[in-house]
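Input: a single structure, listed below in structure tokens.
The values are calculated or read from the model by the stated rules, or taken from the named source; none is laboratory data. Everything numeric here is computed off the predicted structure, so don't read it as measured data. Cβ: placed from backbone, ideal geometry, glycine included. Neighbour counts: every protein chain shown.
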Amino acid sequence: MIEPPHLTRPPLPRTLSTIMEAAAGKKILVVEDEQDIAQLVQHYLQKDGFRPVTAMNGIEALKKVKEEKPDLIVLDLMLPELDGLEVCKRVRSTPDTAMLPIIMLTAKAEESDTIVGLELGADDYVTKPFSPKALVARVKALLRRIDRTPANGATHYRYGALTMDPTRHEVSLNEQEIPLTAKEFGLLEHLLRHRGRVLTREVLLNAVWGYDYYGTTRTVDVHIRRLKQKLPLLEDAILSVKSLGYKLKDTD
Ligand code: CA
């Protein structure tokens, strides 16, 4: 079936289309034991310019994560050897891959597992049966929101009524400046840049305190609490992710 061009490729604003070009060529690891689903997903990813690689079980998935260094993982929940949750957990707790974007595939009946999956650090999930096109769209959307570093020219992070100017080291809430310590500032900047993503305590410690810091991960909890006290809008916006770390809710 031939679709009219506007359906297959809607016109995009220039900034968006540039980002999409950047997403092309990215390596996507598809972990799925049902071969026909894996092939279908692989086909659609390829069609959009991605480079898919596949794994049939959890053990193979972890091996490919190491060897292939994918840019994103599409991870089925129900897998032989090692299930999707365990793969997700191990990827997140390995420093090199802690920030690797993960989309989890789940069946409707597994909804409670879906929630567990998100708590364990998947960035997004797609329920089976799914349309491969919709999955590719989610892959692109996730790749787009991975790094929110202000683009060239823009200097501010905005989050609701909160503004951060990293160059001037200023944070304002409703245009009123809020004094933050250097560590609080660094922590908030990291959360803003990676909003919508699960950040483990280790990732935050390394990013803000540095690799040679001797403190414990409790330090992160203490600073998160202080940030919430100083900036009440963060109270509900920063989610605690069970046994892993934190996530700043995505606002758009
Ligand atoms: Ca499966």
Checklist entry - On the given criteria, is Gly210 touching a residue at least 40 places away in the same chain (Cβ under 8 Å), closer than 28 Å to Thr94 by Cβ and under 22 Å from the mean Cα position of the chain (by Cα)? => result no
Next on the checklist: With the structure loaded, tell me whether Leu40 is more than 16 Å from the ligand (Cβ to nearest atom), more than 21 Å from Thr97 (Cα to Cα), part of a helix (DSSP H, G or I) and of a type outside the set (Val, Ile, Thr) or whether it fails that test.
Outcome noted: no
Checklist entry - For Glu110, are the conditions met, namely being of a type outside the set (Lys, Arg), assigned to a helix (DSSP H, G or I) and either at pLDDT 90 or above or more than 21 Å from Ala134 (Cα to Cα) (or both)? => result no
Checklist entry - Which of the residues belonging to the stretch 48-81 are part of a loop (DSSP other than H, G, I, E, B), surrounded by 17 or more Cβ atoms within 10 Å (Cβ to Cβ) and under 20 Å from the mean Cα position of the chain (by Cα)? => result Phe50, Pro70, Asp71, Leu77
Checklist outcome for this item: All conditions in (1) within 11 Å of the ligand (Cβ to nearest atom); (2) at pLDDT below 90 are true of Met99 except (1)
Checklist entry - Can you find a residue in the stretch 213-221 that is in contact with an Asp or Glu (Cβ under 9 Å, 6 or more places away or on another chain), modelled with pLDDT under 90 and not assigned by TED's automatic domain parsing to the domain that holds Leu72? => result yes
Checklist entry - When you go through (1) closer than 27 Å to Asp76 by Cα; (2) part of a helix (DSSP H, G or I); (3) at pLDDT below 95 one by one for His190, which number turns out not to apply? => result (1)
Item to check | Members of the stretch 24-37 found to be more than 14 Å from the ligand (Cβ to nearest atom), touching a residue at least 40 places away in the same chain (Cβ under 8 Å) and part of a loop (DSSP other than H, G, I, E, B), listed by number | outcome: Lys26
